[in-house]
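This report refers to the structure that appears directly beneath it.
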Amino acid sequence: MRQNACSCVLAVHDHGQADIEHAIIQRYIEYRVWLLSAYGFVCQLHTVRAEGVTQLPRIGPGATLSDGPMDDEVMQDMLPRAFSHMRRTHGYIDPKGGWLVVDSASARKTEDFVALLRQALGSLPVVPLATRERPGVVMTQWVSGGDMPSTVTLESECELRSPEEDGGIVRCRRHDLEVPEIQNHIEAGKEVIKLAFTWNDRLSLVLDETLAVKRLRFLDLVQEAAAEVETNEAAERFDIDFSIMSLELAAFLPALAGMFGGENLSPQ
């Protein structure tokens, strides 16, 4: 079982280097967890107290709970003794670029994050990034040797899928993508739905067909720039790292949309 406590905190940071303001958001959920067997025991205890019985009935190892609703009184009694587990999701709004960036690989967690933010603000007109050209088609052209942006360098990982509803999936890791085996899959009709590449020698990532960016890493050029600024204060270190990260993504995200024909602004 769990009890949820959600908080949306907005802090505007003014990064003077690029005159950009970002709203940094943290969403947290506190889970309260206990064993069902413990819940059953406390239910029995409450029953004994209510009926004035002096001996607690024995609960056998195979005892189960009914499918009825949890008793509020029992839950309130157990909450202080429940295990507490916190999960955080971070994100930020780039008003100048028009982006909401969420640090989550889960589509559901991202949707929950946006829903909570929309609830806190009253209105939030955001939609997933859509491009004029379908990412799967463009990434397939890249792997098959077609024209590719000069800022993009393919790495050794991709995932291909047949167009059929239950079509086969081929996953390649630490694999040369130019070998005939990969090209044969493409010629047979498979489409690239995930692709690892580096951008401008500054970022490494895996991009999927929905334009979700996964396993994002900042490469040496960016890491060295961050290391040049020395500080022993955790808050200052956070501001420096966030400033560099947000500036890199402010340059990368429009370039990402441009790789696939630009942003599709027509109604979905």
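The table below lists the values:
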| item | result |
| --- | --- |
| Ordering of 249-260, 100-111, 219-230 by burial proxy (mean other Cβ atoms within 10 Å per residue, highest first) | 249-260, 100-111, 219-230 |
| Stretchable slack from Asn264 to Asp103, in nm (0.36 nm times residue separation minus alpha-carbon distance) | 55.6 nm |
| Spacing of the two label points (7 Å from each Cα toward its C-beta) at Asp220 and Gln183, in nm | 3.1 |
| Length added when fully stretched, Leu211-Ser162, from 0.36 nm per residue minus Cα-Cα | 15.8 nm |
| Paramagnetic label zone (point 7 Å from Cα along Cα-to-C-beta, Arg132; backbone N under 19 Å) in region 187-226 | 211 |
| Candidate lysines for bridging to Lys194, where Cα separation is under 28 Å - those fewer than 8 sequence places away on the same chain excluded | Lys109, Lys214 |
| Segment Arg237-Ala115, length gained on full extension (0.36 nm per residue, minus Cα span) | 40.9 nm |
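Each value in this text was obtained by applying a stated rule to the coordinates, not by laboratory testing. Owing to the predicted nature of the structure, the values given are computational and were not obtained by experimental measurement. All Cβ positions, glycine included, derive from the backbone under ideal geometry; neighbour counts span all protein chains shown.
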